[in-house]
Structures are given as C-alpha cells and as structure tokens.
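Below: the structure, in structure tokens.
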Amino acid sequence: MAAWGERLAGVRGVLLDISGVLYDGGEGGGAAIAGSVEAVARLKRSRLKVRFCTNESQKSRADLVGLLRRLGFDVSEGEVTAPAPAACLILKQRGLRPHLLVHDGVRSEFDQIDTSNPNCVVIADAGEGFSYQNMNKAFQVLMELENPVLFSLGKGRYYKETSGLMLDVGPYMKALEYACGIEAEVVGKPSPEFFKSALQEMGVEAHEAIMIGDDIVGDVGGAQRYGMRALQVRTGKFSRQRRAFRRAQMSQQTKIDPLQGGLCGAADILMLSAKPRLPCQAPSGRMFGKKCQGVHFSLDLSG
C-alpha cells in the first residue's frame, strides 16, 4: 500500500464516473455496487476534492442526483458534470438550433434551447427512441444542411444494467457519421474539453487529478490523454471489455497496472495520500475487503 501512496503524491482531486462505478442502472432505478456508497462517503470526508463526471444522457442531472440519493449516495446536482448541460452551453454560444434525438428523460435539459428550423443534430442515448424513423429523420436533417453539424453526448459502445449489456449512443453516432460523411463533435468523455470543464469546476489541474471509471477508452484513456492519472474498476462494463483491455496493453497508449480491490479498495489507496486510512465499512460496521464487488481493478498512477 505504501508504494501506491507514494505514486499518488500530489493528487488533490478525484473524478468519479457514475454508471458502472457507483451503480448499475436497470428496472426500478438499478442498484448500488457493493461498497460504493461508503467509498464515496469516505473520499468526501477526506481532504481530497471529489466530483462526478458522467456521460449519462438518459436522465437530467436533477433526476440522476435524485436516483443516487435514493441509493444512499451523498451527491448534489452542482457536483455533477454531465454532457447535456455542456451541450446546451455550446449550442447557445454558437447560435445553433438542434434537432434532438434524445431520451425523453433528458429532454428537459434543452427547455431553454430554440429547436425551430434546426441547423444541427444532437444525439444522445435515446434507448427505445432509436427507431428507424427517428434515425432517418436525423439523417435527413443533416443531409439538408450545407454544413451539417452533429453533436453526440458521449460515444460509448455499450454500458451495463442489472439486466445485461445495453447499446450506448456510439453505434448510432457512427451510423450517422457514415451515412452523412461527417465527423461528430463529442460532448462528454473522452473529449478533452469535457475533462477540462470538470477539473475547472473542481479547482484542480490535470496532473493533480485522478479519474476513476469502468470504461478503458472513455474514462481511462481519455483521462490519461488529458494528463490525468486514471483508474479502471472492474465493475460495470469492464468484464466485457477484455479485448479493449488487451488492445490498450499492446498499443501502450493506455498505461495499466493491475491492483487488488474494488472502489472500496480504491478509496483505501487514495486515502493514503490524504488523511490516515480508515477501514472501509458497510453501514453495519462490517469491513468489506474481499466483500467489495470487482475484486480487481486496473490502475495507472504515472504522471
């Protein structure tokens, strides 16, 4: 543990992914991942700054925070960096009027955005909204524009819910890119601007921060390319990312070190660079240790 503490020298801020790290979505709202509620609480009690950085695009920030609170997490709306509010800011700055292909649950984030006579398309994880008719309408809007602009809220391939793996926005984004011969502007991880925004809100520099997520591309790779340290927990989608994990190891573009533990164990290690470490406990007082879900995670602490 001491060696990891030394390699964490200078870390002042922690960015936490939400889906697959704190909880798995699903029927009834989903379920918290074992040990994650207390791990977040311990990090927030430390001297480390904590912020939540998510590509969630099926829920508004208010609804997402409400769900997390019901699951037992201490989180406020102002602590969450999410792609929909970031996209709205870009639309206003550039005077763009979007055609929205988004989930009904996030549509309220765009209430103050003019959507008449659209001159761009915003696509998000629309779930059941990804019908042929809706995809074709987005395609038609783009093809009618002289300079088509497509925004994608994240570009993940898939994510994990309690019922299994679910297609994310990435495959649909790629379909529109291919059909229209364009490249989407990604708002969300792994966009450097998205990480920059989250770090500015937290008040730390990239070299002072560590990103914790379950996606080797969007979380770990994106954070490292921006100059942060990164940790991949083996919960959420990780068990299905073995091929991406091997490709990253072979390419050496994403630095990975194996380490024992789940998010609960990660909190133990991070606390070494803060205040004296306390045991990670469930509300009943039982120590987790081997009880933590995701008993391995991948960690890059270079930087």
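Scanning for something without any contact (Cβ under 8 Å) to a residue 12 or more places away in the chain, closer than 18 Å to residue 55 by Cβ and in a helix (DSSP H, G or I), does region 117-133 turn up at least one residue? Full working, then the answer.
First, pick out the residues of region 117-133 that are without any contact (Cβ under 8 Å) to a residue 12 or more places away in the chain: 128, 131-133.
Cutting the leftovers down to closer than 18 Å to residue 55 by Cβ gives us none.
Within region 117-133, not a single residue is without any contact (Cβ under 8 Å) to a residue 12 or more places away in the chain, closer than 18 Å to residue 55 by Cβ and in a helix (DSSP H, G or I).
Checked against the criterion of being in contact with a Lys or Arg (Cβ under 7 Å, 6 or more places away or on another chain), among the hydroxyl-bearing types (Ser, Thr, Tyr) and in contact (Cβ under 8 Å) with a residue 24 or more places away in the chain, region 100-114 has no qualifying residue. For region 135-148, check the following and say yes or no: at least one residue is more than 21 Å from the chain's Cα centre (by Cα), surrounded by 14 or more Cβ atoms within 10 Å (Cβ to Cβ), part of a loop (DSSP other than H, G, I, E, B) and at pLDDT 95 or above. The answer is yes; a qualifying residue exists. Among residues that are without any contact (Cβ under 8 Å) to a residue 40 or more places away in the chain, assigned to a helix (DSSP H, G or I) and within 29 Å of residue 27 (Cβ to Cβ), residue 174 is included.
Within region 134-165, the set of residues being of a type in the set (A, V, I, L, M) and in contact (Cβ under 8 Å) with a residue 40 or more places away in the chain comprises 135, 141, 142, 149, 153, 165.
Would you check which residues across region 80-109 are over 19 Å from residue 193 (Cβ atoms) and either in contact with a Pro (Cβ under 6 Å, 6 or more places away or on another chain) or surrounded by 18 or more Cβ atoms within 10 Å (Cβ to Cβ) (or both) and list them?
As a first pass, look at region 80-109 and keep what is over 19 Å from residue 193 (Cβ atoms): 97, 99-108.
Scanning region 80-109 gives 97, 99, 100, 101, 102, 103, 105, 106.
A single entry from 200, 224 fulfils the requirement of being closer than 15 Å to residue 17 by Cα, polar (S, T, N, Q) and not assigned by TED's automatic domain parsing to the domain that holds residue 106: 224.
Does residue 172 count as of a type in the set (Ser, Thr, Tyr), at pLDDT 95 or above and either under 22 Å from residue 142 (Cα atoms) or surrounded by fewer than 16 Cβ atoms within 10 Å (Cβ to Cβ) (or both)?
Values: of a type in the set (Ser, Thr, Tyr): yes; at pLDDT 95 or above: yes; either under 22 Å from residue 142 (Cα atoms) or surrounded by fewer than 16 Cβ atoms within 10 Å (Cβ to Cβ) (or both): yes.
In short, yes.
The values are calculated or read from the model by the stated rules, or taken from the named source; none is laboratory data. Here the structure is a predicted model, which is why all the values come from computation and not from measurement. Cβ atoms come from the backbone with ideal geometry, glycine included; neighbour counts cover every protein chain shown.
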